[in-house]
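**Q** Shown below is the structure under consideration.
The values are calculated or read from the model by the stated rules, or taken from the named source; none is laboratory data. Please read all numbers here as calculations on a predicted model, not as lab measurements. Cβ sites come from the backbone with ideal geometry, for glycine too, and all protein chains shown count toward neighbours. The area values use the complete protein model at the heavy-atom level, side chains included, leaving out ligands, DNA and RNA. Shrake-Rupley method; radii C 1.70, N 1.55, O 1.52, S 1.80 Å.
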Amino acid sequence: MPSEQDLSADVVIVGSGVAGSSIANELVRAGISVIVLEAGPRVDRQHFVENFRNLENKPSYQGPFPSVPWALHPPNQITPNDYLHTTGPDAEAYQQVYLRMMGGTTWHWAGCAWRYLPSDFELKTRYGQGRDWALKYDDLEPFYYQAEVMMGVCGPDPAREDLGSPRRQPYPMEALPISYAAQQFRKLISEKTPYRVVHEPQARNTRPYDNRPTCEGHNNCMPICPIGAMYNGSYSVYHAEAAGARFVPNAVVYKIERDSANKRVTAVHYYDPDKGSHRVTGKYFVIAAHCIETAKLLLVSADEQSPDGIANSSGHVGRNMMDHTGVQVTFISGDKALWPGRGPLETNVIDNFRDGSWRNERGAYLVHMVDDNQVDLATALAISKGYVGRELEEQIRYLASHTVRLFSHNEGLADPENRLTLSSTHKDMLGIPHPEVYYKLPEYTVKSCEHTRGLFRELIGLMHGTDEQWTPGYFPQDHPAGSTIMGTDPKDSVVDGFCRTHDHENLFIASSSVFSSVGTGNITLTVAALALRVADTLKKELSHA
Amino acid sequence: MAADRSCSSTRIHLATPNSMRMAQALRMSRRDMLLGAMGLATVAVGANPGLAATVDEDTVAPLFLALSKRLTDRETLNPQISQALYAGIIHAVPERRDQIGKLHALMESGNFSSARALATAAEHADPVFKDVIHEIMTGWYRGVADQKVVVYRSALMFDITSDAIYPKTYAAGGPFYWTKTPPEVAVPTGEPALSPSKFVVEPT
């Protein structure tokens, strides 16, 4: 297929998820021309909703989002995987899933919109572990608020429930009223333990907001909110397009071209699904393609000028892979019926272990009591136990109303040995190698998980739990981070505190790949805040130009 | 409940996939197409000599409905859903047609006053009936046959929990309905009819 005439814009963005689309929206509204290149297709919400309803395996978060051959994403968290190949002693703990399609992976997030704690940015200074970021919490605070307004985040009044991340303004929307199940859990924790259950800040409407409706509690935030009450990246895409940004779907970027001095990026090249190659020029470039794909693209673009990959003079592109590792237990409560699954999926958190002096030796964590509809699981379970007829119906009601699931986000730690490389054995239809990740759980994270198991045992006892079933090993929480790590020293980091690559003055990265530590809260709000800070920098530089 | 709490064969913790890859390897591939009841009613049921050309003409199909009523302890069940479930079950495993006929004959030969009584006798008579009954229960209660969704909202699991909870994506209680107190549920006293089976959760 012949190449079209070169495309050009002031700013060229690779990736249309929450990071890329929100930058596009900010820039285009400031009069800056923007092209966003998205590897995957454009698909509407109702298509995903229909896919979900027809899916036999309802818990499959990737199920409603099949990938296209030119923009593969992991089909599931199974090791070995058809796309993301993980190796090493804890390969299974890094079998992440994500989406390559217009709007990005927030199509199937749960809307949990945590700010990181000030200490998360200073892990090395405060606790002697991991690394510090090249920015402080206060640098990001205004952008956290901007991201909360953009997404529409509801959360508690800090005067009544301080989540530990200082705020200059209240949340854009009042906290979501928690379900009966969460109320009972919160009461138990409050009365019987020294811990507390807090409202989880969520990008979910507690009133009509941004032309989207109030949450109706369909309990399907993952894999797909059926009514758009929960924010996802597609809404920023729509806003940016309405303001004049150009989004190109099915545009798989495979090369980053630089000038002869290797200091400035001059163009990116993408393949269309027929492998026709296209060149897109610009003044600034932002790679916002998810932690895994961003590092992959920088490595794939290696050439004579940069034999180890773009922006990789430090050798740290693809290193320091982090995640929130999960511990999970499911049991049958011996107390009153809770009927989890009425309302949104994740609404409440035990936050006592997000920070403490013990972080000098073990990682932090937070705990979710999952508010997931357990009717289908209860039914399959009761059938497997041999019940039929009337007795089966009794069992389904009992199990569906008494099943409790707890899971945690345990803090990972930057380790250069945990590394993403290009597969030498697998390529996609365009000839682009699949990503491969070596992963060994940091001891810091293992100790954190052990502490979590102790807490879970305590909670099971308090709830008179039976049929206690622990998910074996460790599992990924799909919050990958660190592959283009931030730092002040170009020798051991890829980007600076403004997410600008040390090596190329007009190349920025907007992704969790820049995280220097991973804290405990879900990563998306921090990704969005960093992206909006990139947009702010670009607006300033382009207006001066 | 006391009896099943100690059931060691259940694996409800296997809700993350890495633990389940072996299970997945044993599963049939899934198709993501919804089987509409009307469409299935005219689907050819197989090329075996002696089989009817369509489920509509299949003489075992009405027996499946009668058998389903006994095994669910219900007097009425939706005949269209019955046709679709039957078609899915015999499509996945053609031998099920004959087995369903025999299970129906067993039911007719005795005076079984409950699903439990029939299921217990059936497994005793032939262990394969346990699989047949599992598939019938999975069909009616989960709305799934042949690894496909036949019905979602109309699956009986949602009928029997409709006073407390909605099927995912079909909530109709209005904003914040979830704050209200749901119904209490007594500890069940009934016993299982069949021997327990390994529980397989599919990957996320």
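**Q** Return P(r) of the stretch A:27-135 (all Cα-Cα pairs; 10 Å bins starting at 0; whole %; ordered from short to long distances).
**A** 12, 27, 30, 24, 7, 0
**Q** Moving to a separate point now. Return the Cα extents of the stretch B:128-204 along principal axes one, two and three, sorted largest first, each rounded to a whole Å.
**A** Rounded to whole Å, the extents work out to 47, 32, 23 Å.
**Q** How big is the protein assembly as shown by the Kirkwood estimate over distinct Cα pairs, in Å?
**A** 27.0 Å
**Q** Considering only C-alpha atoms, what is the centroid distance from the stretch A:213-231 to the stretch B:54-89, in Å?
**A** 35 Å
**Q** What are the semi-axes of the equivalent ellipsoid of the stretch A:339-429, taken as the square roots of 5 times the eigenvalues of the Cα gyration tensor, listed largest first and rounded to whole Å? All intermediate terms of the calculation are to be shown ahead of the outcome.
**A** Values: eigenvalues 284, 117, 26 Å².
Semi-axes, largest first: 38, 24, 11 Å.
**Q** Can you return the aspartates and glutamates within cross-link range of A:Lys136? Criterion is Cα-Cα under 20 Å, with same-chain partners fewer than 8 residues away left out.
**A** A:Lys136 reaches A:Asp120, A:Glu122, A:Glu148, A:Asp162, A:Asp355, A:Glu411, A:Asp489, A:Asp492, A:Asp496, A:Asp536.
**Q** Can you give me the orientation-averaged projected area of the convex hull built on the Cα atoms of the stretch B:48-167, in nm²?
**A** On the way: hull surface 30.4 nm².
Average projection, Cα convex hull of the stretch B:48-167: 7.6 nm².
**Q** Grab the beta carbon distance between A:Ser423 and B:Asp56, set R0 = 56 Å, and tell me the FRET efficiency rounded to 0.05.
**A** My answer for the efficiency is 0.65.
**Q** Oh, and also: My understanding is that a pair violates if its Cα-Cα distance is over 25 Å; which of A:Lys385/B:Lys180; A:Lys440/B:Lys168; B:Lys69/B:Lys102; A:Lys58/A:Lys192; A:Lys192/B:Lys168; A:Lys336/B:Lys168 do that in this structure? Provide the component values of the computation, followed by the final result.
**A** Details: A:Lys385/B:Lys180 31 Å; A:Lys440/B:Lys168 37 Å; B:Lys69/B:Lys102 16 Å; A:Lys58/A:Lys192 35 Å; A:Lys192/B:Lys168 33 Å; A:Lys336/B:Lys168 23 Å.
Too far apart for the 25 Å limit: A:Lys385/B:Lys180; A:Lys440/B:Lys168; A:Lys58/A:Lys192; A:Lys192/B:Lys168.
**Q** Okay, next question. Taking Cα atoms, how many degrees apart are the long axis of helix A:375-384 and the longest axis of chain A, rounded to 10 and kept between 0 and 90?
**A** Its long axis makes an angle of about 60 degrees.
**Q** Ok, one more. Output wanted: per-residue J couplings in Hz (rounded whole) for the stretch B:159-175, from phi through Karplus 6.51 cos²θ - 1.76 cosθ + 1.60, θ = phi - 60°, x for Gly and Pro.
**A** So the Karplus estimates, Gly and Pro as x, are 5, 7, 10, 5, 7, 10, 8, 9, x, 4, 6, 10, 4, 9, x, x, x Hz.
**Q** Okay, next question. So, in nm, how far is label A:Asp162 from label A:Glu505 when the simple model puts each one 7 Å beyond its Cα toward the Cβ?
**A** Label-label distance for A:Asp162 and A:Glu505, simple model: 4.4 nm.
**Q** While we're here: What net charge do the residues around A:Phe515 carry, taking every other residue with its C-beta under 11 Å from that of A:Phe515, with Lys and Arg at +1 and Asp and Glu at -1?
**A** Around A:Phe515, the charge tally is -1.
**Q** Then there is this: Step through the residues of the stretch A:31-39 one at a time and calculate ³J(HN,Hα) from phi using the Karplus curve (6.51 cos²θ - 1.76 cosθ + 1.60, θ = phi - 60°), rounding each to whole Hz and writing x for Gly and Pro.
**A** Values per residue, Gly and Pro as x: x, 9, 6, 9, 10, 10, 9, 10, 5 Hz.
**Q** If you fit an axis through the alpha-carbon atoms of helix A:137-151 and take the longest principal axis of the Cα set of chain A, what angle between them do you get, 0 to 90°, nearest 10?
**A** Between helix and principal axis, roughly 80 degrees.
**Q** In deg cm²/dmol, rounded to 500, what helix-only [θ] at 222 nm does chain A give when every DSSP H run of at least 4 residues adds -39500 (n - 2.57) and the total is split over its residues?
**A** Here the helix-only value at 222 nm equals -8000 deg cm²/dmol.
**Q** Nearest 5 percent is fine: what portion of the DSSP beta bridges confined to the protein assembly as shown is antiparallel?
**A** Details: 50 of 73 bridges.
Approximately 70 percent, going by the DSSP bridge assignments.
**Q** Related question: Go through the stretch B:139-204 and name the trypsin sites (Lys or Arg not before Pro) that are in a DSSP coil and have 10 or fewer other Cβ atoms within 10 Å of their Cβ. Let's see the in-between values first.
**A** Details: sites: B:Arg142, B:Lys148, B:Arg153, B:Lys168, B:Lys180, B:Lys198; in loops: B:Arg153, B:Lys168, B:Lys180, B:Lys198.
Answer by residue number: B:Lys180, B:Lys198.
**Q** Tell me which lysines have Cα within less than 16 Å of A:Lys283's Cα, excluding those fewer than 8 residues away on the same chain?
**A** Filter leaves A:Lys263, A:Lys539, A:Lys540.
**Q** Pairing the Cα long axis of helix A:389-402 with the longest principal axis of chain A, what angle in degrees results, from 0 to 90 and rounded to the nearest 10?
**A** Tilt of helix A:389-402: around 60 degrees.
**Q** Which value, in debye to the nearest 20, gives the size of the charge dipole of the stretch B:48-167 about its Cα centre, when Lys and Arg are +1 and Asp and Glu are -1 at the Cβ?
**A** With Lys and Arg at +1 and Asp and Glu at -1, about 200 debye.
**Q** Follow-up. Residue by residue through the stretch A:266-283, what is 3J(HN,Hα) from phi via Karplus (6.51 cos²θ - 1.76 cosθ + 1.60, θ = phi - 60°)? Round to whole Hz and write x for glycine and proline.
**A** 10, 6, 10, 10, 10, 9, 8, x, 8, 6, x, 9, 10, 10, 10, 9, x, 8
**Q** What's the total accessible area buried between chains B and A, using a 1.4 Å probe, rounded to the nearest 100 Å²?
**A** 7200 Å²
**Q** Based only on Cα atoms, what mean projected area does the convex hull of the stretch A:111-190 have, in nm²?
**A** Values: hull surface 27.2 nm².
Here the figure is 6.8 nm², rounded to one decimal.
**Q** Could you work out, for the stretch A:248-351, what percent of all Cα-Cα pairs fall into each 10 Å distance bin, beginning at 0 Å and stopping at the bin that holds the largest distance?
**A** For the stretch A:248-351, the binned pair fractions read 11, 32, 20, 12, 15, 9, 2, 0 percent.
**Q** Divide the volume of the convex hull of the Cα atoms of the stretch A:173-292 by its number of residues and quote the answer in cubic angstrom per residue.
**A** Here the figure is 198 Å³ per residue.
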